[in-house]
Amino acid sequence: MEKPPIRIFDETFISSKIQLEKLYQQDRPAILFVKKGHGKISIQINDIELNPNSVVLSESRFFFEIHSLSDDFEGRVIAYTQDYIEKLGLKLNKLKVFKHFKSHINQTAHLPDAEFKVLWSYLDLLAQILDNKTSSMYNDDVLEHLFTAFIYSVSGSLLMQEELDSNSMTRQEEITFEFIKNVFENFKDEKVLQFYTDKQQLTIRHLSSVVKSVTQKTANQIISEFVLNETKILLSTSKEPVYEIATVLKFSDPYSFSHFFKKHEGMSPMQYRTQSD
């Protein structure tokens, strides 16, 4: 059965379906809203602290991991398909806030109470419609218009917060964001740092220094993290032989792949697969 274009998950679903300290990969864009409590998560290479009124945006194909959630945690995730966005004519890539928000490394937004309550009320209404708690022949139309209003309200709130916080990107952040975007798009084929410095017309020394200052990680470490995350997902969610996974990830041979994985994880790919079963 085809999944609905919009899905909303609450803290009960999150705690019952998602294991702590286990890597997952999203199949659609999503926005997390934290109403109460605290937590720690990772998205891609970023470690994020969750607090009341936190808003976190994440893209399709992004890796995420939940490290901890407090007992009083209350939050919701709204996930939507790209097809639905295109159907509604929402050009999210052209909304300044989404590009800006995604570009900040190790940051999330914390909204004022009044603005957060407005967005939470939108989520309440959307959830009721999706759960068929409202009976109307116009439910689909109401859902489309409400979701559109919701997305633009999120954008407006984040843009306003950006202006209040004066969070314009520095040149170092721009370089780092571009590097991470390039890695995300090319890591399966390109694992050598020279490829990424050539794309940005920078020296290896300069790019390495900038990335380290912004993320506290080396550029090579970031490339390796993307490869490792993809490897872990493939090992834990597929039955493909290790040599085929090595081919998908464009390693020269299974030995090089196994050596790379063991160097970073302290165990072989097969040991990891057995452990994650």
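Expressed as a whole percentage, what fraction of the accessible surface of the chain belongs to carbon and sulfur atoms when a 1.4 Å probe is rolled over the protein heavy atoms?
Of all accessible area on the chain, carbon and sulfur atoms account for 51 percent.
Taking all pairs of different Cα atoms in the chain, averaging 1/r and flipping that mean, what Kirkwood radius in angstroms comes out?
20.5 Å
Show the residues, 5+ positions off or on another chain, whose built amide H is closer than 5 Å to the amide H of Arg61.
Residues meeting the amide H criterion: Gln26, Asp27, Arg28.
Apply the Karplus parameterisation 6.51 cos²θ - 1.76 cosθ + 1.60, with θ equal to phi minus 60°, to every residue of segment 123-131 and state each ³J(HN,Hα) to the nearest whole Hz, in sequence, with x for glycine and proline.
4, 4, 5, 4, 5, 5, 5, 5, 8
Relative contact order, percent, of the chain when contacts are C-alpha pairs under 8 Å separated by at least 6 residues?
Dividing the mean separation by the residue count of the chain yields 15 percent.
Decide, for segment 126-277, between rounded, prolate and oblate: order the square roots of the alpha carbon gyration tensor eigenvalues as a ≥ b ≥ c, take rounded if a/c falls under 1.5, and otherwise choose prolate if a/b is larger than b/c, else oblate.
Since a/c reaches 1.5 but b/c is at least a/b, the shape of segment 126-277 is classed as oblate.
Order these peptides, 122-128, 5-11, by their mean beta-carbon neighbour count within 10 angstrom, highest first.
5-11, 122-128
Normalised by the residues of segment 118-270, what does the relative contact order come to in percent, with Cα pairs under 8 Å and at least six apart?
Computed value for segment 118-270: 15 percent relative contact order.
Just read off the accessible area of Met267 with the full protein assembly in place, 1.4 Å probe, to the nearest 10 Å².
Answer for Met267: close to 40 Å² accessible.
Specify whether the C-alpha gyration tensor of segment 141-218 places it in the rounded, prolate or oblate class, a ≥ b ≥ c being the square roots of the eigenvalues: rounded for a/c under 1.5, otherwise prolate if a/b is larger than b/c and oblate if not.
Oblate, since a/c reaches 1.5 and b/c is not below a/b.
Heavy atoms only, probe 1.4 angstrom, no DNA, RNA or ligands counted: give me Lys191, Lys239, Lys212 ranked by accessible area, highest first.
The residues order as Lys239, Lys212, Lys191, largest area first.
Can you give the calculated 222 nm mean residue ellipticity of the chain, where each DSSP H run of n ≥ 4 adds -39,500 (n - 2.57) and the sum is split over every residue, rounded to the nearest 500 deg cm²/dmol?
-17000 deg cm²/dmol
Using the structure shown, list the pairs from Lys35/Lys239; Lys87/Lys212; Lys117/Lys212; Lys17/Lys188; Lys36/Lys212; Lys40/Lys191 with a Cα-Cα distance above 31 Å, or answer none.
Lys35/Lys239; Lys87/Lys212; Lys117/Lys212; Lys36/Lys212
Tell me the accessible surface of Arg61 in square angstrom (1.4 angstrom probe, heavy atoms of protein chains only), to the nearest ten.
The value for Arg61 is about 120 Å².
Return the aspartates and glutamates within reach of Lys181: Cα separation strictly under 16 angstrom, same-chain partners fewer than 8 residues apart disregarded; answer none if there are no such residues.
Cα-Cα hits under 16 Å: Glu59, Glu173, Asp189, Glu190, Asp198, Glu225, Glu230.
Can you tell me the accessible area per residue over the chain, all protein chains present, probe 1.4 angstrom, in square angstrom?
About 55 Å² of surface per residue is accessible.
Could you tell me whether segment 8-63 comes out rounded, prolate or oblate from its Cα gyration tensor? Rule is a ≥ b ≥ c as square roots of the eigenvalues, rounded for a/c under 1.5, then prolate if a/b exceeds b/c, otherwise oblate.
rounded
The values are calculated or read from the model by the stated rules, or taken from the named source; none is laboratory data. Source: prediction; values computed, not measured. When we count neighbours, we look across all protein chains shown, and the Cβ atoms used for this are built from the backbone with ideal geometry, even at glycine. For the accessible areas, the whole protein counts, side chains as well, though only heavy atoms, and no ligand, DNA or RNA atoms are used. Shrake-Rupley method; radii C 1.70, N 1.55, O 1.52, S 1.80 Å.
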